[in-house]
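Quick note: the coordinates plus some simple rules give every number you see, no bench work behind them. Predicted, not measured: the structure shown is a model, and the values here were computed from it. Every residue, glycine among them, receives a Cβ derived from its backbone with ideal geometry; neighbour counts consider all protein chains shown.
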Amino acid sequence: MSLRPAPANSGVVFRRIDLRDAPTIEAQPANITDVHHATSIGKNGVKVRTIEHLMAAFAGMGLDNVLVELDGEEVPVMDGSAALFVELIMRAGLRRQMAPRTYLKVKERLVVEDERRSIQIVPSERLQVIYTMRFDHPLLGEQSVAFDLSRETFVREIASCRTYGFVKDVEELRRRNLALGGSFDNAVVIGEAGVLNGDLRFRDELVRHKVLDLLGDLYLLGRPVVGTVIAHNAGHLLHTRLVQEIQRHLDLQQVASARNSVIERWARPLLQPGRPLKVPS
Ligand SMILES: [Zn+2]
């Protein structure tokens, strides 16, 4: 996989360089294809799978325009987190582009739910996430986190949190040919007695990883979202349904642009607690 600079306003675009004519797929709600265990996009029969951790790295780092070249269908899993993607982006650096950055500011509450799980977004002046998971495991129980999202928070608290799997599900994952079940190197593996492969990076790493997934999925909207997301037992299915809901109600959202000066300070947090983003009305 290579990441290449892309023109302003082009967004995140994937290119399958292993296929004839190197077809491209834009990371946007209309191209979402499969959201079982991971988020995949596709267009004209061409697919890219497991994009969410890379998308989260783009969201968290404030990277708006990038061409992702892939020589296969799946984004490399790395260690199951976004840490290495963040490191690569930091090493390459980001270049400022001469176009105003736009944000999607939610103006009305939107909810997606079923009996067991829910996700909603409510208006607020910055991106906040409150995420609660009730795990079907005696040692885990319920985990809950709340974050005011900034670039610093993302890098420090979220980017390194790995995906996870339960031993009882591994066979099922293997059957579905997903990388998660394939190795102990790219997921936290949890058995009946606890974590089977080393220490957790955070006590609540699992629910933090859900925040990572959510940020990646939200970024399919093509621009940063300003609002408070409250999720309970959610996952890619609900995340992407919320994305589609936001997209469907675009008339309820405000697309606001930030002056270049805001973006130029990308080295500092873009959306920082206590310093609400100014959105011209
Ligand atoms: Zn994930």
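Some observations on this one:
- Rg/Rh for the stretch 20-159 stands at 0.97; both radii use Cα atoms, and Rh follows the Kirkwood definition.
- For 107, 210, 47, the sequence from fewest to most other C-beta atoms within 10 Å is 107, 47, 210.
- Largest first, the three principal axis extents of the alpha carbons in the stretch 2-264 are 54, 44, 34 Å in whole numbers.
- Using θ = phi - 60° and Karplus 6.51 cos²θ - 1.76 cosθ + 1.60, couplings along the stretch 105-119 (whole Hz; Gly, Pro as x): 9, 6, 10, 9, 5, 10, 10, 10, 7, 9, 5, 9, 8, 7, 8
- For residue 188, nonlocal amide neighbours, meaning residues 5 or more places apart or on other chains whose placed amide H falls under 5 Å from its own, are 163, 164, 165.
- Per-residue HN-Hα couplings for the stretch 155-169 [Karplus 6.51, -1.76, 1.60; θ = phi - 60°; Hz; x = Gly/Pro]: 5, 7, 10, 10, 4, 8, 7, 8, 5, 9, x, 9, 3, 5, 9
- Under-5 Å amide H pairs with residue 33, H placed in peptide plane, nonlocal only: 40, 41, 42
- For residue 127, the residues whose amide H sits under 5 Å from its own are 149, 227, ignoring neighbours fewer than 5 places away on the same chain, with H placed 1.01 Å from N.
- Whole-Hz ³J(HN,Hα) from phi, Karplus 6.51 cos²θ - 1.76 cosθ + 1.60, for the stretch 219-230, glycine and proline x: 6, 5, 6, x, 7, x, 9, 10, x, 9, 9, 10
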